[in-house]
Amino acid sequence: MTKKEIAEVKKLAQKKYRYEQGLFVAEGLKAIREIIDAGFQVEILYATCPNEIPAKKTSIISEVEMERISFLQKPTSYLALIRIPNSTNNYQTEGSQLTIILDDVQDPGNLGTIIRLADWFGIQTIVCSINTADCFNPKVVQATMGAIARVKIIYTNLHKLLKEAKQHNIPIFGTFMSGENIYTAKLPRNGIIVMGNEGSGISKEIEYLITHKITIPSFKAENVESLNVAIATAICCSEFKRRIF
């Protein structure tokens, strides 16, 4: 690979460049195959050995070159540049499903884990604020372990969306340090779960649109920090989904 080719791949760490080129990075055979199976188009595949992965172009490179273009501490044998799909960013607020909404979640690892959780719990859609981390960030894609191919991710104005949802009488649950105990609360099959920013939680402009404030109680008396947003999302999804049984 030339220095220019290596630089072009590494630039995809930047959101601006990803959308200018319409490409994102996926690494690892399993993740790449799952993304392809979901209908995504591989623009170019870099591999350290021959393979049968369908791509417009395949380039066999050395392990040293793979280390130079990889975003992982321990690179795999495969790295693909994948075309970002066209998105309508439309979300129908009919309340016929359980939806996760993320209010300015910043950490790529947290977002990737939440996407993976949504896939596990059969939640088809995640709606993000404009300032939430980009789902095509290499760290996010890697953390999803292929789930990004199966969960629809929408970026939109949350205030407008939640206001409309409230007008349609869709239950909107928000996680707070104080609220109704999630383990004893009546939770519906369908509705919206809002998860807030890692440091400041749910913003004030979104808080007043919440129809049900819930909390995950601590079993320690004092001096307890709030839960990591991905862990809190896992607990919420589990509680909502287990009521089905």
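FYI, it's all coordinate maths here, none of it is from the lab. What you see is a predicted model; the values in this text were computed from it and never measured. A quick note on method: Cβ atoms are made from the backbone with ideal geometry, for glycine too, and the neighbour counts reach across all protein chains shown.
Filtering Pro85, Pro54 for residues that are of a type outside the set (Ser, Thr, Tyr), assigned to a loop (DSSP other than H, G, I, E, B) and in contact with a helix residue (DSSP H, G or I) (Cβ under 7 Å, 6 or more places away or on another chain) leaves a single hit, Pro54. In segment 28-37, the count of residues that are at positive phi, part of a loop (DSSP other than H, G, I, E, B) and of a type outside the set (Val, Ile, Thr) is one or more. Mind checking which residues of segment 140-161 are within 17 Å of Thr113 (Cα to Cα) and hydroxyl-bearing (Ser, Thr, Tyr)? Thr144 - this is the single residue of segment 140-161 that is within 17 Å of Thr113 (Cα to Cα) and hydroxyl-bearing (Ser, Thr, Tyr).
Ser59 falls short on exactly one of the conditions (1) assigned to a strand (DSSP E or B); (2) touching a helix residue (DSSP H, G or I) at 6+ places or on another chain (Cβ under 7 Å); (3) of a type in the set (Gly, Ala, Ser), and that condition is (2).
Within segment 107-127, no residue that is on the phi > 0 side of the Ramachandran plot sits with its Cβ atom under 8 Å from a residue that is crowded, with 17+ Cβ neighbours inside 10 Å and of a type outside the set (A, V, I, L, M) at 6+ positions apart or across chains.
Whenever a residue of segment 234-245 is touching a residue at least 40 places away in the same chain (Cβ under 8 Å), it has no partner that is of a type in the set (Gly, Ala, Ser) lying with C-beta atoms less than 7 angstrom away and at least six residues away or across chains.
Condition check ((1) surrounded by fewer than 20 Cβ atoms within 10 Å (Cβ to Cβ); (2) in contact with a helix residue (DSSP H, G or I) (Cβ under 7 Å, 6 or more places away or on another chain); (3) within 14 Å of Asn110 (Cβ to Cβ)) across all residues:
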residue: Cys135; (1), (2), (3): no, yes, yes
residue: Lys139; (1), (2), (3): yes, yes, yes
residue: Gln142; (1), (2), (3): no, yes, yes
residue: Met145; (1), (2), (3): yes, yes, no
residue: Arg150; (1), (2), (3): yes, yes, no
residue: Leu162; (1), (2), (3): no, yes, no
residue: Lys166; (1), (2), (3): yes, no, no
residue: Asn169; (1), (2), (3): yes, no, no
residue: Phe173; (1), (2), (3): no, no, no
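State whether the residues of segment 9-21 include one that is more than 15 Å from Met145 (Cα to Cα), touching a residue at least 60 places away in the same chain (Cβ under 8 Å) and in contact with a Pro (Cβ under 8 Å, 6 or more places away or on another chain). Yes, because at least one residue in segment 9-21 is more than 15 Å from Met145 (Cα to Cα), touching a residue at least 60 places away in the same chain (Cβ under 8 Å) and in contact with a Pro (Cβ under 8 Å, 6 or more places away or on another chain).
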